[in-house]
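See below for the structure under consideration.
The values are calculated or read from the model by the stated rules, or taken from the named source; none is laboratory data. If you're wondering where the values come from, they're calculated on a predicted model, not measured in any experiment. For neighbour counting, all protein chains shown are included, and Cβ atoms are generated from backbone atoms with ideal geometry for every residue, glycine included. In case anyone asks, the SASA skips ligands and DNA or RNA and just uses the protein heavy atoms, side chains included. Shrake-Rupley method; radii C 1.70, N 1.55, O 1.52, S 1.80 Å.
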Amino acid sequence: RRSGQYTMNHDHSKKIPDGASFDRSGSQDSLDELSMDDYWKELENIHETRGNNHEERVALVVKEPDEGELEEEWLKEAGLSNLFGESSGDSLESVVFLSTLTRTQKAAVEKRIETVTQTMRKKNKQHQIPDVRDIFRLQNDSKGKVCDGSEPSTVRTSENKSETHDGTKDPKFSLGTDEQKSLLEDMPSSDTDINLEISFAEQAANLKDSSVGKMYKGGGGDTLLPNFRLPKDKTGTTKIGDLAPQDMKKVYSLALIELTALYDILGTEFKQQKAVKIKTKDSGLFGVPLSLLLEQDQKKVPGTKIPLIFQKLIAQIEETTLETEGLLRIPGVAARVKGLCQELEAKFYEGTFNWENVKQHDAASLLKLFIRELPQPLLTVEYLKAFQDVQNLPTRKQQLQALNLLVILLPEANRDTLKVLLEFLQRVIDHQDKNKMTLKNVAMVMAPNLFTFHGFGSKTIEQREFVMAAGTANVMRFMIQYQKLLWTIPKFIVNQVRKQNTESQKKEKKDKAMKKLLKKMAYDREKHEKQEKTPNDTDVPQGVIRVQAPHLSKVSMAIQLTEELRAGDIVARFLSQKSGNVQTLKKEEVFLYEIGGNIGERCLDDDTYMKDLYQLNPNAEWVIKPKQS
């Protein structure tokens with residue numbers, strides 16, 4: 001069996017199927033021939049460009065993993081590698097981590113540990129090999145009991161009504177199992193509300209258990225994509241970028257476990273692909289790894305998060321007008337695009353490239369070329385297949401939940417670049433009256449550029465390719481349509497992070513290791529010590545918080561909490577205290593932060609109700625400051 005190694009110039013032009021002769025029941029929406037036609041034409045253009053443009057190049061090899069290797073890698077990624085191997089003694093942190101997992105998340109972890117354990121026994125590795133049950137028993141015996149006492153791998157939440165979910169009876173964080181189930185039953189939820197308070201996998205398990213939860217496939221065109229929305233959360237919506245790095249690391253681990261649990265429940269295989277390193281260009285613009293390109297760009301413009309060439313190409317397309325008919329669909333002239341590509345490589349960083357010569361369709365072709373030429377796909381080798389498999393999930397809501405978790409799992413550079421791309425595509429669609437590029441058209445044209453990656457191209461029969469085409473185009477539509485939702489960190493995950501931080505702090509206090517924790521804090525130690533007195537200080541009465549604003553003229557204020565007081569009101573109150581000697585910061589430049597207590601640091605959205613948040617994290621400090629770029 002070949003392990004996914006394909007050269008990239010096999011001829012696709014023969015593969016454009018006659019739409020009418022295909023049974024499209026396998027694709028999720030019945031997409032009309034016309035729009036599918038856009039997909040195949042785009043694929044043809046891509047292969048034509050490749051044929052003209054490039055000498056034969058080594059394709060990326062995707063390694064076929066050995067038994068147990070995937071699971072071992074998965075546990076490492078999830079931050080649980082110290083449950084096995086040489087370091088298995090040092091698993092205190094993991095015990096805390098495991099204690100905050102929901103039942104479905106635990107089942108996903110156990111399934112992988114079981115496989116690794118069996119493989120190790122077979123290979124007779126000299127590691128200490130823990131028994132799955134011992135790991136969870138150990139965690140049951142530890143102080144922060146959150147385990148639900150059910151047999152580890154059972155996921156049938158409906159049968160476990162009698163069990164308590166949390167030995168600590170902490171009402172602030174409802175994370176798993178029974179509490180989530182009753183919450184699910186109590187919440188008036190509409191089909192279009194995305195519930196972020198309860199684990200997605202738990203929701204799926206409960207849906208499976210209940211006779212009401214008929215799994216459905218959605219159908220239809222642009223107009224029929226449901227108008228999903230996030231119900232307002234009083235403690236504030238957390239976006240990617242709002243949390244400190246040490247908490248984002250925990251979010252990453254939890255998102256990986258949650259996504260795996262969701263795929264497990266829904267019977268879809270979740271396998272991360274592994275790329276074998278290949279030699280790539282180490283300078284230039286096209287075909288350079290994203291991280292390297294950004295390193296290069298940051299020398300020119302410090303703090304750059306999106307490749308400069310990518311930003312410039314988008315700006316160039318927008319400069320003309322987004323009303324041009326067939327924008328993104330009509331390709332530039334191949335020979336001219338090739339010439340521009342070479343000229344950009346030579347002159348872009350010198351600043352001598354003449355942008356006036358670049359026609360709009362050529363710029364659009366260059367933008368798509370840039371995405372395709374990345375040595376590893378924008379959606380990453382690890383997760384490209386998982387993104388494609390979103391199309392196989394039973395309901396649209398679950399597809400959206402999976403995409404949300406996948407976006408969280410992308411490396412920062414990939415995620416930031418994807419965000420800028422999706423925002424641009426939405427702006428193109430906003431002009432569809434003039435440019436005739438609807439959501440469906442744009443998705444059709446862009447899907448081959450993001451999903452048919454030359455490293456493991458699809459040498460498949462035409463029928464399979466057609467179904468995949470329709471499916472990835474749908475995933476593309478989802479990403480464009482719901483991009484605002486996809487960059488949200490679900491509340492149940494933020495609560496799990498708070499819970500972990502609380503449990504860790506308890507354990508560290510016991511071990512007299514508070515100093516270590518303070519060192520870990522992301523913000524200035526000395527400032528922290530100055531402010532540490534305030535929560536229990538006698539000058540701050542009940543129901544009042546002390547807000548610091550070192551960057552503003554009024555550096556500190558005691559604020560009385562009321563039911564309606566929001567984060568935006570506090571920022572506005574500080575900004576209204578004008579003073580001549582401090583540079584004036586605009587409303588959109590500064591934010592209120594929740595710092596410490598059970599979170600590292602979190603930037604608050606203006607609509608956060610402060611009294612509700614204070615109850616969730618009474619030991620936090622409150623600081624107004626500019627957002628870190």
Scanning the stretch 350-389 residue by residue, those assigned by the TED database to the domain that holds MET446 and hydroxyl-bearing (Ser, Thr, Tyr) turn out to be THR380, TYR383
For the stretch 401-431, give me the residue count where each residue is closer than 17 Å to LEU254 by Cα and not β-branched (Val, Ile, Thr). 10
Has the stretch 273-288 got any residue that is touching a residue at least 24 places away in the same chain (Cβ under 8 Å), surrounded by fewer than 21 Cβ atoms within 10 Å (Cβ to Cβ) and part of a helix (DSSP H, G or I)? no
Does at least one position in the stretch 484-499 carry a residue that is open to solvent by less than 60 Å² (accessible area, probe 1.4 Å), within 20 Å of CYS603 (Cα to Cα) and modelled with pLDDT under 90? no
Could you pull out the residue among GLY68, GLY79, GLY85 that is modelled with pLDDT of 70 or more, on the phi > 0 side of the Ramachandran plot and open to solvent by less than 30 Å² (accessible area, probe 1.4 Å)? GLY68
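For (1) open to solvent by 50 Å² or more (accessible area, probe 1.4 Å); (2) at pLDDT below 60; (3) within 20 Å of VAL494 (Cα to Cα), each residue gets a yes or a no:
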position	(1), (2), (3)
LYS516	yes, yes, no
LYS519	yes, no, no
ARG525	yes, yes, no
GLU529	yes, yes, no
ARG573	yes, no, no
THR584	yes, no, no
TYR593	no, no, yes
ASN619	yes, no, yes
ILE624	no, no, no
With respect to ARG372, is the statement that it is open to solvent by 50 Å² or more (accessible area, probe 1.4 Å) and within 28 Å of LEU403 (Cβ to Cβ) true? no
Which residue is modelled with the highest pLDDT, if the candidates are limited to the stretch 193-215 and must be part of a helix (DSSP H, G or I) and polar (S, T, N, Q)? GLN203
Given the structure, is GLY267 assigned by the TED database to the domain that holds SER199, surrounded by fewer than 19 Cβ atoms within 10 Å (Cβ to Cβ) and assigned to a loop (DSSP other than H, G, I, E, B)? yes
Tally of residues being assigned to a loop (DSSP other than H, G, I, E, B), surrounded by 15 or more Cβ atoms within 10 Å (Cβ to Cβ) and without any contact (Cβ under 8 Å) to a residue 60 or more places away in the chain across the stretch 295-340: 3
Looking at the stretch 242-258, I want the residues that are outside the structural domain of ASN495 (by the TED database) and have a partner that is part of a helix (DSSP H, G or I) and open to solvent by less than 10 Å² (accessible area, probe 1.4 Å) with Cβ atoms under 9 Å, at least 6 apart or on another chain. Which pairs are those? none
